[in-house]
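S.K.: This structure is in structure tokens; I'll ask about it shortly.
The values are calculated or read from the model by the stated rules, or taken from the named source; none is laboratory data. Every value quoted in this text rests on a predicted model; they were computed, and no experiment measured them. Every residue, glycine among them, receives a Cβ derived from its backbone with ideal geometry; neighbour counts consider all protein chains shown. What goes into the accessible areas is simple: the full protein's heavy atoms, side chains included, and nothing from ligands, DNA or RNA. Shrake-Rupley method; radii C 1.70, N 1.55, O 1.52, S 1.80 Å.
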Amino acid sequence: MSATITKAIFPVGGLGTRFLPATKSMPKEMLPIVDKPLIQYAVEEAAEAGITEFIFVTGRGKAAIEDHFDHSTEIEDILKQRGKENGLNAVRAMMKTPGSVAYIRQQEPAGLGHAIWCARHYINNEPVAVLLADDLIKPATGGNGCLKQMVEAWQDRGGNMVAAMEVPKQQTSSYGIITPGASFGTSDGTLTEVKGLVEKPEPADAPSRLAIVGRYILEPGVFDELEKMERGAGGEIQITDSLARRIGHVPFFSHQFTGTRFDCGSKLGFLQANISYALSRPDLAADLETWLKGVDL
Ligand code: G1P
């Protein structure tokens, strides 16, 4: 099989209460890592993986995301007048082909599965990628992004796939946790057969420490399951539950990726991401390193 995936869903309706007051009037997905908002990292990762259609599931107060991916003639004119070529290229390079970005509102905070289901009319019986911008995955030096790694692994197998990583036992209640089957290495990670899935189990009930990270490849059957609107953990419609119900019907693997994942839904992860990305920037690394070494903490 050699299928391609051209569409990605970005659920961006969440309230971002963990980052208040910063997120009171600004979407959490617009928080910057150095000088680029989280959502742009996710969109760039998707584009690298071959995605050409971008579907955002938004909500109230998220208009800044729509503006971000639109032309700002005012900014472009000023940069042009001032001869700021680099800035001009940066804002122009992020523009997508007209008509390839869609926004749909979730209307109610009914869970990640519900958010993904809201995008169903944009998907025509085809596989689709889902990226959660909070989970920022920095590629290894010279390596591919996480979604590209997954698409390559998925092309020979089809079915469903999730990104995964091992987490400390006491953190299982923050993740979808996998019951693992057979594992084997690939050129850039480890594929593990998914035998079962449970959303946010207490450590004592967790089937393993292998946790879902916010990258998914979904086959159309998942949408049929979502359609049933069954509520799970936290009273929400969980993508984890619909994926679990597809086990045994289609292939299902988790991909332990190469790269570093930052949980930018947490303050610590967000700060770590900023430092890590800044230390990889030629224009900032030396000065930041000097400051970090000398800083009186
Ligand atoms: C969601 C999913 C969970 C997954 C996590 C990854 O949870 O429901 O299965 O492990 O993303 O970040 P959330 O963090 O939105 O509560």
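S.K.: Fully extended, how many nm does the chain gain between Asp205 and Ser100 (0.36 nm per residue separation, minus their Cα-Cα distance)?
M.R.: My answer for the length gained is 33.5 nm.
S.K.: Within segment 46-66, list the residues whose amide N lies under 20 Å from a label point set 7 Å along Cα→Cβ of Thr4.
M.R.: 46-55
S.K.: Shape of the chain from its Cα gyration tensor (a ≥ b ≥ c, root eigenvalues): rounded if a/c is under 1.5, otherwise prolate when a/b > b/c, or oblate?
M.R.: Here the chain falls in the prolate category.
S.K.: Using a ≥ b ≥ c from the Cα gyration tensor of segment 138-195 (square roots of the eigenvalues), is it rounded, prolate or oblate, where a/c under 1.5 gives rounded and otherwise the larger of a/b and b/c decides, a/b for prolate?
M.R.: Note, shape of segment 138-195 comes out oblate.
S.K.: Tell me which residues come under 5 Å, amide H to amide H, from Thr23 once H is placed; ignore anything under 5 positions away on its chain.
M.R.: Sorted by chain and number, the residues that satisfy this come to none at all.
S.K.: What is the magnitude of the charge dipole of the chain about its Cα centre, with +1 placed on the Cβ of each Lys and Arg, -1 on the Cβ of each Asp and Glu, and no other charges, expressed in debye to the nearest 20?
M.R.: Using Cβ point charges on Lys, Arg, Asp and Glu, the chain gives about 280 debye.
S.K.: Give me the 1.4 Å probe accessible area per residue for segment 151-297, excluding ligands and nucleic acids, in Å².
M.R.: Ligands and nucleic acids excluded, the figure is 48 Å² per residue.
S.K.: Show me, for segment 247-254, the HN-Hα J-couplings you get by feeding each phi into the Karplus relation (A = 6.51, B = -1.76, C = 1.60, θ = phi - 60°), rounded to Hz, glycine and proline as x.
M.R.: 3J(HN,Hα) across segment 247-254, in whole Hz: 5, x, 9, 9, x, 8, 10, 9.
S.K.: Still on this structure, please answer the following. Taking a ≥ b ≥ c as the square roots of the Cα gyration tensor eigenvalues, with a/c under 1.5 meaning rounded and otherwise prolate when a/b beats b/c, else oblate, which class fits segment 80-153?
M.R.: In terms of gyration-tensor shape, oblate.
S.K.: When only DSSP loop residues count, what trypsin sites (Lys or Arg not before Pro) in segment 172-272 have their Cβ near at most 15 other Cβ atoms within 10 Å?
M.R.: Sparse-neighbourhood loop trypsin sites (Lys or Arg not before Pro): Lys228, Arg231.
S.K.: Ignoring ligands, DNA and RNA, please state the percent of accessible area on the chain from carbon and sulfur, probe 1.4 Å.
M.R.: 51 percent
S.K.: Per DSSP H run of at least 4 residues, take -39500 (n - 2.57); add these up for the chain, divide by its residues and hand me the 222 nm value, nearest 500 deg cm²/dmol.
M.R.: Rounded to the nearest 500, it is -8000 deg cm²/dmol.
S.K.: Starting from the amide H of Ala164, placed 1.01 Å from N in the peptide plane, find each other amide H under 5 Å away whose residue is 5 or more places distant or on another chain.
M.R.: Val213, His255, Gln256, Phe257
S.K.: Separation between the Asn125 and Leu279 pseudo-spin-labels, each 7 Å from Cα along Cα→Cβ, expressed in nm?
M.R.: Label-label distance for Asn125 and Leu279, simple model: 5.1 nm.
S.K.: Please give the FRET efficiency for Lys267 paired with Ala63, using the beta carbon to beta carbon distance and R0 = 25 Å, rounded to the nearest 0.05.
M.R.: 0.50
S.K.: Please report how far the C-alpha centroid of segment 118-160 lies from that of segment 257-284, rounded to the nearest whole angstrom.
M.R.: When both Cα centres are located, 20 Å separates them.
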